[in-house]
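Have a look at the structure below, then the notes.
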Amino acid sequence: MEVLGKQNIPEHGPIIFTGNHMNQFVDGAVILVTNPHRVGFLIAEKSFNTRIIGDLANAVGCIPVARPQDKAQPGVGMICFEGLRILGKNGTKFTQLEKGDRIRPGKSPESYKIKEVISDTEGILAVEYGEATPLHEKYGQGIENWTNYDILKYVDQGKMFEAVQSALAKGNCLGIFPEGGSHDNTDLLPLKAGVAAIALGVMDKYDVSVPIIPVGLNYFRGHKFRGRVVVEFGHPINITKDMIHLFREGGAQKRAAYQELLREVEHGMRSVIVTATDYSELKLIHTVRRMYQHTTNMPTIWKQDIARRFSVAYKLLKEKYGGELPADLKELQRKIEDYQDVLERWGLRDHQVSSANLELPYTKLVYIFLHGAFIMLLASIPSLILNAPVGVAADYWSKKEAQKDLKNSRVKVAARDVLLSKKIVFSMVAVPVLWITYAVLLLLFSPLDVQVVVVLFLCCPVFSYLGVMAVQAGMVDAKDLWPAFLRLLPSFRKEAQRLPGLRVMLQKEVRQIVKKYGPELGALYYEKSSSAWEQAVNKRSSPSASGGGSNSSSDNLEGFLKADNATGGESVSMVGTSGGAASGLKVKAV
């Protein structure tokens, strides 16, 4: 784990921490252990009532939340939408629904609140900020598009909100995942209004302004043991006087307050994560970032900033050119994807493609590989006995359980977000069982005294931990040994000669493309400070930026480019640290 932005966390509570939710129960644990404050999380009542997870959640002070989707029931008949009207047939009984109940059509992840029931076959839906609208619903929109549906009964969460607001007023800290549930998408899901209701409610009821700290959880192989995560704490988001004034007016003004605060929270969360349309695009962004940077020893905070700039630039350029990239950008993307395919086929990573790794003398390669393999084998012995059986079983069980979650989910892509949590829960039970099994076998079938067996059993945790640490060090070496092993293969020798030169060529093309299209992106290209370009992008993409509350992305982009292209011709930096320190990656403005 690597932690960035810890200086943004206030020294004293109350504080609300909002994180992206891509690794189920691991997300909360990561925020807890990297946070100087004690944080109580909101957790689904369904999870709170399970063994192990529920016990741990209770121990750290989590607050259970009853969710309507956890008690969804299939509805009778078929439905469709006409605007905000809901129509039914084949035996629907809308008169049995109550105000506040929700309808979830087909396989949609969204549900819609019932505002008024007219008859058993007709009703009116409510539209509130922070919630989806059926006007753009894929399932059931239109009189010819009938679909099945689920009924989500209204759940009164008033007591939960009162308990949370009271705890915050006393100076406690709260953790919440505003997306509403874990997922393995590469972008944020729509944020729920709960975090805005809590923060504004505390200010209204107790006159306590609670800062909201966005937390970015950026995982690399996050569904595997010994993966990596970069935890980034963003700048505090504070309740303004205008927000609380709108909130106290009630009605439409209250919803506007929710809207403004949720927009700030979303901008804050996007400032600490790297988003993409899918995993292929995310892999492309990180590959381009590595090619663009001029040194491998760059601080992580700069790497994150460059990756975010490329992510936003990719979206903005696609919008500017009508959803299609220009021909030279498409050709560069094709070349990089072909390069990625070659690396994947040989099991290599981009940082391993260099003449230093691939062009060593043959005898030295043999020595490096045999020496490393021998050391790796020695390091693995304790872990093979104490950890490997559980690791293999946990991997199998987690994949099996993930398939169940994927089948029941409406937002997951491959259910990767649950894998590590499943592995941890399984291992917490299976590891002690394995040690006890070894102890019983030693007592029954070995000549060792009881005292010796007891000592060996008590030493199992120490040996197991040492085995994990040894394997971790060994895996690092093993990954570096892989290029040496490949170089021993005659079939790889041509690739070993070709790949370093190919990477150098792609690196030059990436930098040329940045110089060509960078000036079109205004502050995203010119500003050294990450906070400066983020503010410029957020300002131009907000509904009020284009006047009249327009949400048109093309209008927002055009305004953004016109406003921010007016920069002088001086030498400027594309990337930098938050605070304006130059990173040394300078390009001449065109």
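Quick one: work out the % antiparallel among DSSP beta bridges in the chain, nearest 5.
On the way: 32 of 50 bridges.
If I count the DSSP bridges inside the chain, around 65 percent turn out antiparallel.
Shape of segment 271-343 from its Cα gyration tensor (a ≥ b ≥ c, root eigenvalues): rounded if a/c is under 1.5, otherwise prolate when a/b > b/c, or oblate? Note, shape of segment 271-343 comes out oblate.
Rounded to the nearest 500, what is the chain's calculated 222 nm mean residue ellipticity when only DSSP H runs of at least 4 contribute -39500 (n - 2.57) each, over all residues? Could you put the intermediate results ahead of the total?
On the way: 19 runs with 298 residues, N = 590.
It comes out at -16500 deg cm²/dmol, rounded to the nearest 500.
Bridgeable aspartates and glutamates around Lys515 (alpha carbons under 17 Å apart, same-chain partners fewer than 8 residues away excluded): Asp328, Glu331, Glu527, Asp564, Glu570.
Send over a whole-number figure in Å² for the accessible area per residue of segment 170-233, probe 1.4 Å.
Details: 2170 Å² over 64 residues.
In whole numbers, segment 170-233 has 34 Å² accessible per residue.
Amide H contacts of Ile63 (H built 1.01 Å from N, in plane; Pro and chain starts excluded): Phe41, Leu42, Ile43 sit under 5 Å, all sequence-distant by 5 or more or on other chains. Within the straight-line cut-off of under 14 Å between alpha carbons, the aspartates and glutamates reachable from Lys494 are Glu359, sequence neighbours fewer than 8 places apart in one chain being disregarded. For Lys254, a cut-off of 13 angstrom between C-alpha atoms picks up these aspartates and glutamates, skipping any fewer than 8 places away in its own chain: Glu128, Asp204, Asp242. Separation of segment 234-271 and segment 164-188 by C-alpha centroid, Å? Each part reduced to its Cα centre gives a spacing of 16 Å. Looking at segment 58-190, the pairs of alpha carbons with a distance over 19 Å make up 55% of the total. For segment 321-347, the residues whose backbone nitrogen is under 15 Å from a point 7 Å from the Cα of Arg498, taken along Cα to Cβ, are 335-347.
Provide the FRET efficiency to the nearest 0.05 for the Glu98-Lys508 pair, computing r from the beta carbons and using R0 = 45 Å.
Values: r = 65 Å, r/R0 = 1.44.
E(calc), rounded to 0.05, equals 0.10.
Entry comment: accessible area of segment 30-88 is 50 Å² per residue, from protein heavy atoms only and a probe of 1.4 Å.
Want the number for Leu456 to Lys115: 0.36 nm per residue separation, take away the alpha-carbon distance, what's left?
Working: separation 341, 0.36 × 341 = 122.76 nm, distance 6.57 nm.
So the chain would gain 116.2 nm between Leu456 and Lys115.
The share of accessible area on segment 177-288 that comes from carbon and sulfur is 50 percent, using a 1.4 angstrom probe.
Measuring against 30 Å, Cα to Cα, the residue pairs Lys330/Lys399; Lys71/Lys93; Lys170/Lys412; Lys107/Lys422 contain Lys330/Lys399; Lys170/Lys412 as the ones spanning a longer distance. The peptide list 337-348, 85-96, put in order of mean Cβ contacts within 10 Å with the highest first, becomes 85-96, 337-348.
Which FRET efficiency, nearest 0.05, do Val366 and Ser491 yield, Cβ-Cβ r, R0 30 Å? It comes out at approximately 0.95. The alpha carbon gyration tensor of segment 391-504 gives principal lengths a ≥ b ≥ c with a/c of 1.5 or higher and a/b no greater than b/c, which makes the shape oblate. Here the accessible area is traced with a 1.4 Å probe on the protein chains. For segment 29-127, carbon and sulfur cover 51 percent of it.
The values are calculated or read from the model by the stated rules, or taken from the named source; none is laboratory data. Predicted, not measured: the structure shown is a model, and the values here were computed from it. So basically every Cβ, Gly included, is an ideal-geometry build from the backbone, and we count neighbours across all protein chains shown. Heads up: the accessible areas ignore ligands, DNA and RNA and are worked out on the full protein's heavy atoms, side chains in. Shrake-Rupley method; radii C 1.70, N 1.55, O 1.52, S 1.80 Å.
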